[in-house]
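Please read the structure below before turning to the comments.
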Amino acid sequence: MSTKHSKAAAEFLENKKQAAWHDETLWMVREKRDQLSKKVPEWEELRNMACATKLYSNSHLDELLVEFERNARANGAHVYWAKDADEYCNIVYNILNQHGVKHFIKSKSMLAEECELNPFLQNKGIEVVESDLGERILQLMHLKPSHIVLPAIHIKREQVGELFEKEMGTEKGNYDPTYLTHAARKNLRQRFIHAQAAMTGTNFAVASTGEVVVCTNEGNADMGTSQPKLQIAAFGIEKIVPDRESLGVFIRMLARSATGQPVTTYTSHYRKPREGGELHIIIVDNGRSNILANPKHIKALNCIRCGACMNTCPVYRRSGGYSYTYFIPGPIGINLGMLKAPLHYHDNVSACSLCYSCSLVCPVKVDLAEQIYLWRQDLDKLGKANCMKKVMSGGMKFMMNRPQVFNMALSWAPQVNKMPRFLIYNGLNGWGKGREMPNFADESFNEMWKKGKVK
Amino acid sequence: MKVGLFIPCYINAVYPHVGIASYKLLKSLGVDVDYPLDQTCCGQPMANAGFEKEAVELARRFDRQFEDYDYIVGPSASCVVFVRDNHGRLLKEDRHRCASESKIYDICEFVHDVVRPTSLKARFPHKVSLQNSCHGVRLMKLSSASELNIPYFSKLRNLLSLVEGVEVVEPERQDECCGFGGMFAVEEDAVSIQMGHDKAMHHIATGAEYIVGADSSCLMHLSGIIARDKLPVQTLHIVEILAAGL
Amino acid sequence: MSSREDILQNIRRATYMKYEKPDLKPLEDVALSYPDRLEQFFLVMKQVGGEAVLLAKREDVNDFISRNYPEAMRVASNLEFVTCATCNPDRVEDPSELDGTDLAVIAGKIGVAENGAVWIEQDVKQRAIYFIAEKLIILLDRNHIVNNMHEAYKLIDTGKYGFGTFISGPSKTADIEQALVMGAHGSRSVVVALI
């Protein structure tokens, strides 16, 4: 019995070279994060304050969202509320439709991924162009992101070269990342200029000013929102921070945690619509408020989507984003998937050795591993427990509660050492696929103690 | 000071010599140590697999078994920290408060923090690479976790500094998981094996003859990899070095 | 009931425990600071792929441009002392006209020593100029460099245009195999000229 994740992971690992590259490259990002965080002596205190601020803001969401709305309206923005993905998609569509928009440019938004905005709009005849380079590559390949910050980390330069040759007319066989990036710059520049509306996600929404803050390295959010006069921004309710002082705490941690940079190249604060333009802001729930009622998992709402838990996760690095069944992979994705729909996304709960590295790397102290442990306890109730693990656990319980049975097993165990290999090393034994079984001792410690051999 | 020696199930069955070394080490340090008979398991394997309730009766048994001791000391950071962090919660319905959680120590932690010897008789003229186990590092704080911005420390290194002749190194990715993770090792066998292989190679790259740690579970996993791939390194529990020559 | 009321009611119903707002003062008091902020700013600008230079007075920027950007044909700025400017972004109706700008000269308000970010409070009609120019020079008062973001956030605002951005070095991406490339969509080079 194995999960969808474990099967997909095994396939991922079959391409040894690519799998090793994936692991080493993401580990390098983790190392850059370590170097940067260690240059900040107050790092651990920053984590404490970031966590405390999120616990405050997520327990005062009603007040802070209303404060944000009031300030944003006073700034001249239109504010909308969307209960779910469907309502969010419809609000975006209606705004675009009322303005007769056919060409629409977007910067990266995990909320749009979550709500499947692009297919929704495309079905209604609106052309959507992703402007983040990684997202654009994936859009042209008809693929989904495999990492929330480094969406195309699983794509090789040769694939990008062949794609751009077809889509942008680049030189055949030129796979140089600088050449390819600059080709995309040129190509997308025209898309920015001809777009009739631009949309961004939101890293932080500041209640006290009614502004939305967007962080990018490429400048794609700003290229988009400084060309067409119609701007849309959307955010999940947990993106709210009370004020700019609090914002400072998160901005100091986001890029250091995400990519090992001291800050992203652009940290843009959108407060008012452009002169003669319009700014539309959509506040989205889509299941988040239900998490508030779940004290064991409430800290999942602290997440600022930096991706550090993915980069550090030894399982993610060796299994790739597509091995997970939820659109967000890695430790935070395991948890968010279970909070979204446990019966759909339980396959990811196996993807954790409980090493706890994610919990310590997290800048906002989401107790990621602790929460995965708790989900495992719930799987049996959901009827999704692994049968083999259940039988093994039940068997162990029976034996371990009966020392005489345990001692009997201990005395028989050495016989296993002498069994023919094919009985031990076969398809049923996951351990034996790449590892030798441990040899049982001729005499257990219990036995030796009773015989007075321990001196 | 009465110490009850806690020998986890798999050490009992596979590595009894680690239990013996633990007993000898504590004795040699003048500790009054005894072994409560008929120990089995702390319940961690079931709990980590998602069957915590199967561990409740074991936690109760465990608490009773060690009720007469001032300290419980065992040679396995992972099992010890499971008792410390979880038995109290598992037994919260019981009338008696779980006593184990506040008096249980990993043997390295106990020797380092409580006994605090200034010298040992051990001699071990070899190069060893530290296997910093996840639960030892991140839950028990036997050493500083690489993720945190805190000053470097390693209780294992401090203890080994009392051993004559030993050279201590740490692998690249000093505390990355070895891929054991209990039933994770079989449920996610492909990833687990890859993690184990990578970990073993990082240890080998240091040029060490031995991989040394405070958790026999990681060492058991790495031994399985080493034996299958015939890799040029061996594993040893740290108490086997601290008790060398006793 | 409206979605707004629905969401707010759901939030109120689900909120069991209220946490206090933390006091950030103790953190701000111990936050990263530098004995020589200017020196650190020079250092960090290099790390983020940009460069900092010292100019005696703001008018010197014209000389600096003619020496260092001889190939720049279209120079955009709305600063009156940038006499070599060929285009004023205040007088541009459609921001797409700014495409093809070789160099833009803009004013920064606050520099941050810990990360090389410079706060730009929009003071030009077309903010596109901050992003669309191939190369960017940001003029900054050398006495306006603070230690860290906590200090910066106490000083900045978004002004009459309601927009501001921290810019830290040139636009960059590593989306193709994590190879770092300067000049993704925004400026390919950023020089902070400290006056």
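Listing for the model above:
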| item | result |
| --- | --- |
| Test set (1) without any contact (Cβ under 8 Å) to a residue 12 or more places away in the chain; (2) open to solvent by 20 Å² or more (accessible area, probe 1.4 Å); (3) within 13 Å of another protein chain (Cβ to nearest Cβ) - residue C:35 fails condition number | (3) |
| Filter result (open to solvent by less than 50 Å² (accessible area, probe 1.4 Å) and assigned to a helix (DSSP H, G or I)) within segment B:113-136 | B:114, B:115, B:134, B:135, B:136 |
| Residue B:204 closer than 22 Å to residue A:358 by Cα, among the β-branched types (Val, Ile, Thr) and assigned to a helix (DSSP H, G or I) | no |
| Lone unmet requirement of (1) touching a residue at least 12 places away in the same chain (Cβ under 8 Å); (2) open to solvent by 10 Å² or more (accessible area, probe 1.4 Å); (3) touching a Leu at 6+ places or on another chain (Cβ under 9 Å); (4) within 11 Å of another protein chain (Cβ to nearest Cβ) for residue B:178 | (2) |
| Some residue of segment C:136-149 being modelled with pLDDT of 95 or more, within 9 Å of another protein chain (Cβ to nearest Cβ), open to solvent by 20 Å² or more (accessible area, probe 1.4 Å) and part of a loop (DSSP other than H, G, I, E, B) | no |
| Residue list for segment A:116-134, restricted to those being within 14 Å of chain C (Cβ to nearest Cβ) and either under 19 Å from residue A:17 (Cα atoms) or open to solvent by 10 Å² or more (accessible area, probe 1.4 Å) (or both) | A:132 |
| Residue selected from segment A:215-252 under the condition more than 10 Å from chain C (Cβ to nearest Cβ) and outside any strand (DSSP E or B), by the criterion most open to solvent (accessible area, probe 1.4 Å) | A:239 |
| Out of A:202, A:170, sole residue that is within 30 Å of residue A:54 (Cα to Cα) and part of a loop (DSSP other than H, G, I, E, B) | A:202 |
| Close pairs (9 angstrom Cβ cut-off, 6 or more residues apart or separate chains): more than 19 Å from residue B:196 (Cβ to Cβ) in segment B:228-246, in a loop (DSSP other than H, G, I, E, B) and small (Gly, Ala, Ser) anywhere | B:238/B:214; B:239/B:214; B:241/B:122; B:242/B:122; B:243/B:122; B:244/B:122; B:245/B:122; B:246/B:122 |
| Hits in segment A:305-322 - residues which are hydrophobic (A, V, I, L, M, F, W, C) and either facing another protein chain (nearest Cβ under 8 Å) or in contact with a Leu (Cβ under 6 Å, 6 or more places away or on another chain) (or both) | A:306, A:309, A:315 |
| Lone unmet requirement of (1) away from chain B (no Cβ under 12 Å); (2) assigned to a helix (DSSP H, G or I) for residue A:366 | (2) |
| Wholly enclosed helices (runs of 4 or more DSSP H) of segment A:399-448 bearing at least 2 residues at the interface with another protein chain (Cβ under 10 Å from one of its Cβ atoms) and either within 45 Å of the chain's Cα centre (by Cα) or modelled with pLDDT under 80 (or both) | A:403-412 |
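Residue-wise test of (1) under 12 Å from the mean Cα position of the chain (by Cα); (2) more than 9 Å from every other protein chain (Cβ to nearest Cβ); (3) touching a residue at least 24 places away in the same chain (Cβ under 8 Å); (4) part of a loop (DSSP other than H, G, I, E, B).
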| site | (1), (2), (3), (4) |
| --- | --- |
| C:115 | yes, no, yes, yes |
| C:123 | no, yes, yes, yes |
| C:127 | yes, no, yes, yes |
| C:131 | yes, no, yes, no |
| C:164 | yes, no, yes, no |
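Results for (1) closer than 30 Å to residue C:148 by Cα; (2) within 19 Å of the chain's Cα centre (by Cα); (3) among the basic types (Lys, Arg); (4) surrounded by 15 or more Cβ atoms within 10 Å (Cβ to Cβ), shown as yes or no for each residue.
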position	(1), (2), (3), (4)
A:4	no, yes, yes, yes
A:8	no, yes, no, yes
A:12	no, yes, no, yes
A:16	no, no, yes, no
A:21	no, no, no, yes
A:30	yes, yes, yes, yes
A:35	yes, no, no, no
A:38	yes, no, yes, no
A:41	yes, no, no, no
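The values are calculated or read from the model by the stated rules, or taken from the named source; none is laboratory data. These numbers come from a predicted model, not from an experiment. Counting neighbours? That spans all protein chains shown, and the Cβs are built from the backbone with ideal geometry, glycine included. Calculation scope for accessible area: heavy atoms of the full protein, side chains included, ligands and nucleic acids excluded. Shrake-Rupley method; radii C 1.70, N 1.55, O 1.52, S 1.80 Å.
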